[in-house]
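K.L.:
Take this structure, written in structure tokens, and hold onto it; I'll ask about it next.
The values are calculated or read from the model by the stated rules, or taken from the named source; none is laboratory data. All figures in this text were calculated on a predicted structure; none of them were measured in a lab. Cβ placement follows ideal geometry from the backbone for every residue including glycine, while neighbour counts extend to all protein chains displayed. Keep in mind that these areas ignore ligands, DNA and RNA; they rest on the heavy atoms of the full protein, side chains included. Shrake-Rupley method; radii C 1.70, N 1.55, O 1.52, S 1.80 Å.
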Amino acid sequence: VAKNVMRPRIRQEIARADHTTNDYGSFSGEFTAPRDRVMGAMSIQVLDGDGSANIQVEEYKRPKFQVELKAPVEAAKLDAPVVVTGMATAYTGVGIGGAKVKWRVERGVQLPYWCWWWQPPATKAIAHGTALTEPDGTFNIEFPAQPDRSVPAKNEPVFVFRIHADVTDTTGETRSDQRVVRSGYTALTATLSAAEWQTPETPVELAIATTSLDGDAQPAEGTVKIHALKQPAAVARALLQRDRWWWRSGGEEPKADPTNPDTWELGDVVAERAFTTDATGKTTVSAELKSGIYRASLTTRDRFGRTVTARETVQVVEPSDAHYGVKLPNHFSSPAWAIEPGETFSALWGTGYEHGRAFVELECRGKPLKSYWTDADRTQTLIELPVRESMRGGFTVRVTYVHENRAYFNERVVNVPWSNKQLSIKWESFRSKLMPGAKETWTAVVTGPDAKRASAEMVAALYDASLDQFLPHEWPHAFDVFRSE
């Protein structure tokens, strides 16, 4: 028997009801929203249990119209005017004419991750104005796409213009919308990425994506060069409090940091590949690499012929080696941080020092599975653990290493998903096109593991979507009933 209570913030009981759970372990009921007290946040709670849900009880005016800012017809260009069209429409689809519009534009700056030494300037308001909606509900916002001259063009900055519009109709109701427009010195952006776990047994695959500054796919072609990195002579400890922003003066790249491989100098070219992205703006290139550390550098051009670059640092490890070959004090990686029962989990720990022992701990549900010291004559160790059905919900792997009075703590939760409990739902609908005014029938098809049909309890509802402007409505994505490490 479960009892649920609706309570305001001052914890005054409003209503109480008794329920009995069904064969699925659930119950349902209803309350009448109170009128004789202050409105606001309230909660429904199960007494003597952990179940609760927050609700909002408010007196509100139902929204009558909505505002939408559309993307510019032409891509924004720096130092040129940008025109954004907006539309105010009632939920019936009729335009809201004669409404007052107030708008403003703020400019921010995005830099590629490899330009970490440069601190982006603060967001700045660059334009504002007013307008009136046309009889069909449309209005235009025009502003100049001014760049921030303090950011060097060679850093390939992307200027983010955030447009915000407030529309007030003749009854005084106000609705808002905003849109982001991006522009830069180039009309293309490229990214280069690779999986964390790389071994000499399989070629290293580099994923390439080329898009417009607004994220739309753009085909492009270019080259990718892979350089071996020049490692420092000895392993160095990172500063306890690292402040790199003083390097930004003059816009020059900082000197090589022995603790940061992204700053290490390029060595010999070990591979070079040409690429062409397809209509989706994506492709991959691969190269066979020995164990070590490398930097992949991409070069392409936008439609105006300007150079666009991207880079990615890649480590390749040989799990069977006894020694870690990169001059870094601590390395911890795994082929996968999620694994199914019946498989064997593996992770690799290593140190670039000449000697090093680490303490390895594996635990599940708060209980130790095993713990041990790594071998003294090895600086690289492969950690392995068979995963059992009882470990669903995950387990923890922890590696602790101390060297030169510095402690390195590595801790990760390995996810062992409840895949045997997952359900998927598919909607099917039918309406006769031969019968005017025929009812439409919706059918939910629920399947379990291996796409087998499953008998399940479900709940569905219809609600007024206009209320999302007052408070967004979201169904629970999952119920916290299965153990999680």
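K.L.:
Using the Karplus curve 6.51 cos²θ - 1.76 cosθ + 1.60 with θ = phi - 60°, work out ³J(HN,Hα) for each residue of segment 222-237 in order, rounded to whole Hz, and write x for Gly and Pro.
P.N.:
Using θ = phi - 60°, the values come out as x, 10, 10, 10, 10, 10, 6, 8, 7, 7, x, 5, 8, 5, 10, 7 Hz.
K.L.:
Another question, then. Please report Rg over Rh for segment 128-234, where both radii come from the alpha carbon positions and Rh follows the Kirkwood definition.
P.N.:
Checking Rg against Rh, the ratio lands at 1.18.
K.L.:
Still on this structure, I have one more. Provide the FRET efficiency to the nearest 0.05 for the SER212-ASP377 pair, computing r from the beta carbons and using R0 = 56 Å.
P.N.:
After rounding, the FRET efficiency stands at 0.55.
K.L.:
While we're here: Setting aside same-chain residues fewer than 8 positions from LYS367, which lysines have a Cα under 30 Å from its Cα?
P.N.:
Result set, ordered by chain and number: LYS421.
K.L.:
Could I ask something else about it? Once Lys and Arg get +1 and Asp and Glu get -1 on their Cβ, which of SER466, PRO157, VAL224 lies farthest toward the positive end of the dipole of the chain?
P.N.:
SER466
K.L.:
Under a point-charge model restricted to the Cβ atoms of Lys and Arg (+1) and Asp and Glu (-1), what is the dipole moment magnitude of segment 341-397 relative to its Cα centre, in debye to the nearest 20?
P.N.:
For this selection, approximately 280 debye.
K.L.:
Would you work out what percent of the accessible area of the chain, with all protein chains in place, is carbon or sulfur (probe 1.4 Å)?
P.N.:
50 percent
K.L.:
Filter LYS230/LYS282; LYS61/LYS102; LYS225/LYS290; LYS124/LYS255; LYS290/LYS327; LYS230/LYS255 down to the pairs with a C-alpha to C-alpha distance above 19 Å, please.
P.N.:
Too far apart for the 19 Å limit: LYS230/LYS282; LYS61/LYS102; LYS124/LYS255.
K.L.:
At q = 0.14, 0.20 Å⁻¹, what log₁₀ I(q)/I(0) does segment 227-382 have when each alpha carbon counts as one equal point scatterer in the Debye sum?
P.N.:
-0.96, -1.34
K.L.:
Can you tell me the accessible area per residue over segment 48-197, all protein chains present, probe 1.4 angstrom, in square angstrom?
P.N.:
Solvent-accessible surface per residue comes out at 54 Å².
K.L.:
Please work out how much accessible surface ARG301 shows to a 1.4 Å probe, ignoring ligands, DNA and RNA, in Å² rounded to 10.
P.N.:
Its heavy atoms expose roughly 140 Å² to the probe.
K.L.:
List the lysines whose Cα lies under 29 Å from the Cα of LYS426, skipping any in the same chain that are fewer than 8 positions away.
P.N.:
LYS439, LYS452
K.L.:
Quick check: with the 1.4 Å probe, what order do HIS323, HIS128, HIS227, HIS355 take by accessible area, largest first?
P.N.:
The residues order as HIS128, HIS355, HIS323, HIS227, largest area first.
K.L.:
In segment 448-485, which trypsin sites (Lys or Arg not before Pro) fall in coil by DSSP and have 16 or fewer other Cβ atoms within 10 Å?
P.N.:
Counting only loop positions with at most 16 other Cβ atoms within 10 Å, the trypsin sites (Lys or Arg not before Pro) in segment 448-485 are LYS452, ARG483.
K.L.:
Something else: May I ask for the distance between the Cα centers of segment 276-318 and segment 432-450, given as a whole number of Å?
P.N.:
One Cα centre to the other: 47 Å.
K.L.:
Note down the nm distance, to one decimal, between modelled labels 7 Å out along Cα→Cβ at ASP36 and at THR123.
P.N.:
Simple spin-label model gives 4.6 nm for this pair.
K.L.:
Okay, next question. With each pseudo-label sitting 7 Å past Cα toward Cβ, what's the THR171-GLU142 distance in nm, one decimal?
P.N.:
3.3 nm
K.L.:
When you have a sec, figure out the Kirkwood radius of the chain from all distinct Cα pair distances and drop it here in Å to one decimal?
P.N.:
Taking the inverse mean of 1/r over all distinct Cα pairs, the chain comes out at 28.7 Å.
K.L.:
Still on this structure, please answer the following. Rank ASP262, ASP18 by accessible area, highest first, at a 1.4 Å probe radius?
P.N.:
ASP18, ASP262
K.L.:
If you don't mind, there's one more thing I want to ask. For the chain, give the magnitude of the charge dipole about the Cα centre (Cβ charges: +1 Lys/Arg, -1 Asp/Glu; no others), in debye to the nearest 20.
P.N.:
Computed about the Cα centre, the dipole is about 800 debye.
K.L.:
What is the distance in Å between the Cα centres of segment 117-172 and segment 36-89?
P.N.:
Between the Cα centres of segment 117-172 and segment 36-89 lies a distance of 21 Å.
K.L.:
Which ³J(HN,Hα) values in Hz, rounded to whole numbers, follow from the phi angles of segment 275-290 under the Karplus curve 6.51 cos²θ - 1.76 cosθ + 1.60, where θ = phi - 60° and Gly and Pro get x?
P.N.:
Karplus values, whole Hz, x for Gly and Pro: 9, 9, 7, 8, 5, 7, x, 10, 6, 9, 10, 9, 7, 7, 10, 7.
K.L.:
Same structure again: Show me, for segment 56-70, the HN-Hα J-couplings you get by feeding each phi into the Karplus relation (A = 6.51, B = -1.76, C = 1.60, θ = phi - 60°), rounded to Hz, glycine and proline as x.
P.N.:
10, 10, 9, 8, 9, 9, 4, x, 9, 8, 9, 10, 9, 9, 9
K.L.:
Can you compute the modelled spin-label distance between ALA53 and LYS255, with each label point 7 Å from Cα toward Cβ, in nm?
P.N.:
According to this spin-label approximation, the distance is 6.3 nm.
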